[in-house]
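**Student:** Have a look at this one before I ask anything.
Values in this text are rule-based calculations from the coordinates and carry no lab data. Predicted, not measured: the structure shown is a model, and the values here were computed from it. Ideal geometry is used to build each Cβ from the backbone, glycine not excepted, and the neighbour counts take in all protein chains shown.
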Amino acid sequence: MKNYGNIFIVLLCALVLGLPTSAKKVSPEITDLQAKTEKYLKRVQAQPDWLYSRLQMYWSTHATDVYICGERFSHPGGRRAPEPTVKYAGTRGQESFADRPKIEDLVPYDDDAEGDVTFISKTTGKMEKIHPSKTGRNIPSVNRQIMEIARNAAKIYAATGDTAYGNMAARVFEVYMKGIYYRNVPIDENHGHQQTLVGMTEFEVIHEDIIDVLTQMYPLIKPLVIKDKDLIDSAFKKWCENIIANGVPHNNWNLFQAEIIMKIALVLDDDNHYADGKGRQYYLDYICHKNSIRQWSIDKLISFGFDPRAKTWYEAPGYSLEVLKTFANLGNRLDRDTGIDIFKSHPLLIDAVKTSPEYLFPNRMFVGFGDSHPNYLSTESMDRIMEYAARHKNKVLTAEMTSLKAAILPQAPEQSIAAYTSQLFYAPNVSWIAMRTGMDKDHDLMASLNGSLGNHQHANGISLELYGKGYVLGPDAGIGKYLYSGLDYAEYYSQMPAHNTVVVDGISSYPVMMSNHPFHLIAAYPDVSAQSPSSGKLTERRDSFSYSTVRFIEPETQAIQQRTVAVVKTSDKGGYYIDVFRSHKQEGGDKMHDYFYHNLGQTMTLTDFNGNALDLQPTEELAFAGGHLNAYSYLYNKKSAMMKGGVKATFTIAPQNITMTMWMAPSENRKVFKALSPVNLEYERMPNQPYDIDKQPVLTFVARQYGEAWHHPFVAVYEPASDKEPGDIADVDFFLPTEKDAVGIIITLKDGRTQRYVCKENGSIER
């Protein structure tokens with residue numbers, strides 16, 4: 001006979017001790033979380049406040065108000081709240097003079113009248129009291145780390161019923177949410193633009209990252225915090241109202257804000273549960289269909305941000321592709337959890353994902369103009385659309401996304417990605433043109449030409465990136481070391497001398513970030529236009545020659561600039577670029593025009609066309625001195641020589657021995673410079689780097705034309721090659737055509753062919 005008395009005692013003990021009363025099947029994920037979280041549970045069981053006391057809170061002051069001074073924390077204040085309140089971030093930017101301690105080294109209940117924290121000084125390496133304004137974004141980062149531990153405990157509780165984990169999670173959650181409920185929106189003592197951006201815990205509403213964790217936890221532990229439900233819901237709604245009131249409506253921010261609001265809405269009750277009528281349906285309807293000064297509806301945002309023909313979003317590529325992922329995540333979750341189908345109401349969203357490979361160079365990494373860190377194209381947007389398609393049993397859409405995912409892989413066959421990319425592609429809403437000979441990683445060419453239109457753009461004039469032999473050999477410079485908050489970004493990385501462009505009188509510049517300085521397309525072959533942005537996919541049309549000519553008004557000097565770029569395929573493995581850049585001030589009085597070109601590599605030589613080294617002498621002529629851009633001060637190891645004939649520049653990447661050779665046509669009153677620029681911060685994150693890009697100064701060529709450069713344009717030919725695959729060009733020569741102000745180029749190939757071009761002032765090319 002079974003001993004039912006003993007079984008009863010075991011069950012009773014389990015209930016009293018908070019242990020699971022039945023053996024639930026535990027997934028590998030939960031087993032892994034238990035292994036990571038058990039050590040914290042043991043500490044909490046020994047000392048109940050061990051985890052939540054390490055939250056960064058105003059434990060001493062219970063401050064209801066937070067004061068900032070622009071982009072830095074100033075001090076806490078206001079009345080004393082009934083509960084400790086959540087501490088605010090130190091700065092908007094990333095730069096910090098202190099490191100976060102390990103969680104076990106955090107000082108419990110760490111606070112004082114100034115809101116100081118005890119972090120590790122980068123100067124002394126010791127734990128010290130530090131003002132939050134010197135800690136960057138470390139304070140909210142600590143809180144998120146603690147909340148993630150609590151979130152993991154909540155998942156374990158939901159899966160196993162183990163209330164020890166549940167109570168640990170609930171206590172951290174309720175302490176934090178009470179701290180939000182009793183805190184007010186920060187106050188900017190400067191009364192500046194920052195006041196319209198601030199969130200409850202961060203200087204930017206789009207960086208309230210902890211909301212993602214909190215909204216994952218809340219449904220899992222609701223029974224354990226039921227007594228505080230009204231307060232918790234009110235705290236979440238306060239966050240929603242703050243995000244609706246603040247932020248930026250006309251770019252990626254609006255979408256990120258909408259996604260955060262959606263996450264909160266999905267953990268709220270129906271509207272009729274709340275006295276103000278603002279619940280789940282209210283906030284979902286708000287992000288989909290309502291508009292306020294700083295929070296536009298999804299409907300309005302899509303209409304504003306996408307080009308209906310090119311299907312491109314109007315920000316720099318890195319941000320545009322992130323927007324596509326966010327739209328896909330938002331659309332998939334809205335459809336799954338609420339039945340709201342924005343993919344159906346806005347089919348452009350799926351079309352934009354299908355168009356995204358147009359951003360790719362032949363090595364399958366996206367182009368890098370503006371504030372971008374090029375990388376391989378993520379499949380996340382495709383995955384979310386596939387989940388959506390599966391729910392709707394849409395086999396056609398599933399097949400399309402499956403094919404697209406396979407095509408963008410770095411190792412995918414050239415023919416696969418060719419079905420999604422064009423020889424010429426023009427995106428007028430970001431002032432960008434891509435010109436390709438194909439998508440063979442090692443043997444095809446691509447030129448990326450951009451102006452400055454839309455968000456996260458640089459003051460780059462007509463900027464050019466050139467591809468060859470697996471790499472973007474002539475790249476943009478990227479973003480600063482501390483992204484947008486550093487002096488290097490403001491003075492150099494976002495300015496013209498960091499780009500492959502032309503600077504007028506040493507002063508060419510204009511506002512960065514949200515920019516309204518596009519180029520205008522005046523000629524192209526094959527034909528593209530705003531109405532017809534693609535010349536046809538490479539599987540449909542592929543010529544050995546293409547070109548585009550664009551015109552730009554440089555706003556600082558009111559100079560007219562015109563650039564013609566041609567891409568020529570000469571063999572299965574070779575090809576070259578032609579670059580003709582004209583520039584002059586409309587009212588005359590031109591002092592000088594500086595042609596900048598930057599190339600990857602470790603060595604650079606300047607010779608004449610016969611291979612004789614130029615007589616380069618040290619110089620300080622490229623300088624801020626004289627009222628020029630600060631960016632000139634970032635150039636160093638400068639040497640120069642007056643041009644006495646054609647100049648040949650050779651840039652070499654070791655150990656692969658990949659070269660880019662440039663032939664520049666001779667011109668009177670022109671000086672050429674060899675210099676180094678700051679490290680490239682566009683490709684420092686690139687997988688499979690040819691060398692440590694972030695440790696190598698950038699090889700920089702500058703040609704300075706004294707006087708105007710319209711009738712004396714910069715004319716250059718570029719050819720990528722390698723030891724294994726030498727270039728096809730045997731000789732480059734230039735001639736003066738009979739047509740006024742046209743330039744002539746003759747290229748002789750090693751196989752005996754001669755290719756002759758007349759580049760006309762109107763932007764057309766005659767062959």
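**Student:** Give the peptides 141-150, 104-113, 68-77, 497-506 in descending order of average Cβ contacts within 10 Å, highest first.
**Tutor:** On the way: 141-150: 21.2, 104-113: 14.9, 68-77: 19.4, 497-506: 26.8.
Sorting 141-150, 104-113, 68-77, 497-506 by mean packing, highest first, produces 497-506, 141-150, 68-77, 104-113.
**Student:** Name the trypsin sites (Lys or Arg not before Pro) in the range 355-455 that are in a loop by DSSP and that have at most 11 other C-beta atoms within 10 Å, would you? Write down the numbers at each step before the final one.
**Tutor:** Values: sites: R364, R384, R391, K393, K395, K405, R436, K441; in loops: R364, K393, K441.
Within the range 355-455, the qualifying trypsin sites (Lys or Arg not before Pro) (loop, at most 11 other Cβ atoms within 10 Å) are K393.
**Student:** Moving to a separate point now. As I understand it, the value is the acute angle between the Cα axis of helix 395-407 and the longest principal axis of the Cα atoms of the chain; what does it come to in degrees, rounded to 10?
**Tutor:** Roughly 60 degrees between the two axes.
**Student:** Please state the shape class of the range 190-283: rounded when a/c is under 1.5, otherwise prolate if a/b exceeds b/c and oblate if not, all from the C-alpha gyration tensor. Don't jump to the answer; show the numbers that get you there.
**Tutor:** Working: a/c = 1.97, a/b = 1.78, b/c = 1.11.
Prolate is the answer for the range 190-283, as a/c is 1.5 or above and a/b outweighs b/c.
**Student:** If you don't mind, another one. Local charge sum around E241 (other residues, Cβ-Cβ under 12 Å, Lys/Arg +1, Asp/Glu -1)?
**Tutor:** Net local charge, E241 excluded: +3.
**Student:** Taking H as built 1.01 Å from N, whose amide H comes closer than 5 Å to the amide H of M592, not counting residues under 5 places away?
**Tutor:** D505, G707
**Student:** For the chain, what is the charge dipole size about the Cα centre, in debye to the nearest 20, if Lys and Arg each add +1 at the Cβ and Asp and Glu each add -1 at the Cβ?
**Tutor:** It works out to roughly 1640 debye.
**Student:** Suppose every K and R has +1 on its Cβ and every D and E has -1 on its Cβ; what is the size of the dipole of the range 530-648 about the Cα centre, in Debye to the nearest 20?
**Tutor:** Values: 14 positive and 13 negative charges, 90 e Å.
That gives a dipole near 440 debye.
**Student:** Take every Cα pair under 8 Å in the range 362-445 that's 6+ residues apart, average their separations, divide by the length, and report that relative contact order as a whole percent.
**Tutor:** Worked out over the range 362-445, it gives 28 percent.
**Student:** Just to be sure I understand: if I project the alpha-carbon convex hull of the range 454-537 onto a plane and average over all orientations, what area do I get in nm²?
**Tutor:** 7.6 nm²
**Student:** With θ set to phi - 60°, apply the Karplus curve 6.51 cos²θ - 1.76 cosθ + 1.60 along the range 61-68 and write out the HN-Hα couplings as whole Hz, x wherever there is a Gly or Pro.
**Tutor:** 8, 6, 4, 8, 10, 10, 10, 10
**Student:** What residues qualify as long-range amide H neighbours of I522, i.e. H under 5 Å apart, gap of 5 or more or another chain, H built at 1.01 Å from N?
**Tutor:** HN-HN under 5 Å from I522: T549, V550, R551.
**Student:** Taking a ≥ b ≥ c as the square roots of the eigenvalues of the Cα gyration tensor of the range 437-477, is the shape rounded (a/c under 1.5), prolate (a/b larger than b/c) or oblate?
**Tutor:** prolate
**Student:** Another question, if that's okay. Note the angle between two axes, namely the Cα long axis of helix 229-245 and the longest principal axis of the Cα atoms of the chain, as a number of degrees from 0 to 90, rounded to the nearest 10.
**Tutor:** Roughly 20 degrees between the two axes.
**Student:** Mean separation of Cα pairs under 8 Å and 6+ residues apart, divided by the residue count of the chain: what relative contact order is that in percent?
**Tutor:** Relative contact order of the chain: 8 percent.
**Student:** A further question follows. Can you give the translational diffusion coefficient of the range 31-93 in µm²/s, computed by Stokes-Einstein from the Kirkwood radius over Cα pairs at 37 °C and 0.692 mPa s?
**Tutor:** Numbers: Rh = 14.0 Å.
Value of D from the Cα-based Kirkwood radius: 234 µm²/s.
**Student:** How big is the convex hull of the Cα atoms of the range 698-744, per residue, in Å³?
**Tutor:** Considering the Cα atoms of the range 698-744, their hull volume per residue is 109 Å³.
**Student:** Compute the helix-to-body angle for 210-221: its Cα long axis versus the longest principal axis of the chain, expressed 0 to 90° and rounded to tens.
**Tutor:** The answer is roughly 30 degrees.
**Student:** Taking θ = phi - 60°, what integer Hz values does the Karplus form 6.51 cos²θ - 1.76 cosθ + 1.60 yield along the range 261-278, in sequence order, with x for Gly and Pro?
**Tutor:** Here the 3J(HN,Hα) series is 4, 4, 4, 5, 4, 6, 9, 8, 7, 4, 3, 5, 7, 10, 4, 8, x, 9 Hz.
**Student:** List, in the order given, every pair from K405/K695; K155/K229; K42/K238; K585/K750; K102/K237 whose Cα-Cα distance in the structure shown is over 29 Å. Mind dumping the intermediate values first?
**Tutor:** Numbers: K405/K695 34 Å; K155/K229 19 Å; K42/K238 35 Å; K585/K750 40 Å; K102/K237 32 Å.
Flagged as over cut-off: K405/K695; K42/K238; K585/K750; K102/K237.
**Student:** Something else: Please compute the volume of the convex hull spanned by the alpha-carbon atoms of the range 532-678 and report it per residue in Å³.
**Tutor:** 171 Å³
**Student:** Tally Lys/Arg at +1 and Asp/Glu at -1 over every other residue whose Cβ is under 13 Å from the Cβ of G277; what's the total?
**Tutor:** -2
**Student:** Ok, one more. For the range 467-476, take each phi angle, set θ = phi - 60°, evaluate the Karplus expression 6.51 cos²θ - 1.76 cosθ + 1.60, and give the result in whole Hz per residue in order, putting x for glycine and proline.
**Tutor:** Listing the rounded values in order: 10, x, 6, x, 9, 7, 6, x, x, 5 Hz.
**Student:** Considering the options A523, A390, F425, tell which one lies farthest towards the positive end of the dipole of the chain, charges being +1 on Lys and Arg and -1 on Asp and Glu at the Cβ, about the Cα centre.
**Tutor:** Value: A390.
**Student:** Kirkwood Rh, the chain, all Cα pairs: how many Å?
**Tutor:** For the chain, the Kirkwood estimate is 28.9 Å.
**Student:** Could you give the Stokes-Einstein D for the range 540-607 in µm² per second, using the C-alpha Kirkwood radius, 37 °C, 0.692 mPa s?
**Tutor:** 218 µm²/s
**Student:** Here's something else I'd like to know. For the range 23-64, with the dipole built from +1 on Lys and Arg beta-carbon atoms and -1 on Asp and Glu ones, taken about the Cα centre, which of W50, S60, I30 lies farthest toward the positive end?
**Tutor:** Farthest towards the positive end: I30.
**Student:** Rounded to a whole number of µm²/s, how large is the Stokes-Einstein D of the range 650-767 at 10 °C and 1.306 mPa s, given Rh as the Kirkwood radius over C-alpha pairs?
**Tutor:** The Stokes-Einstein estimate is 94 µm²/s.
**Student:** For a test of the definition: using alpha carbon positions, the gyration tensor, and the 1.5 limit on a/c, classify the range 52-142 as rounded, prolate or oblate.
**Tutor:** Oblate.
**Student:** Right, here's the next one. Rounded to two decimals, what is Rg over Rh for the range 726-767 when you use alpha-carbon atoms and the Kirkwood radius?
**Tutor:** Rounded to two decimals, Rg over Rh is 1.05.
**Student:** Once label points are set 7 Å from the Cα along Cα→Cβ at both K42 and Q415, what is their separation, rounded to one decimal in nm?
**Tutor:** Each label point lies 7 Å from its Cα, and together they span 6.0 nm.
**Student:** Residues with beta-carbon under 11 Å from that of N657, excluding N657: net charge, scoring Lys, Arg +1 and Asp, Glu -1?
**Tutor:** 0
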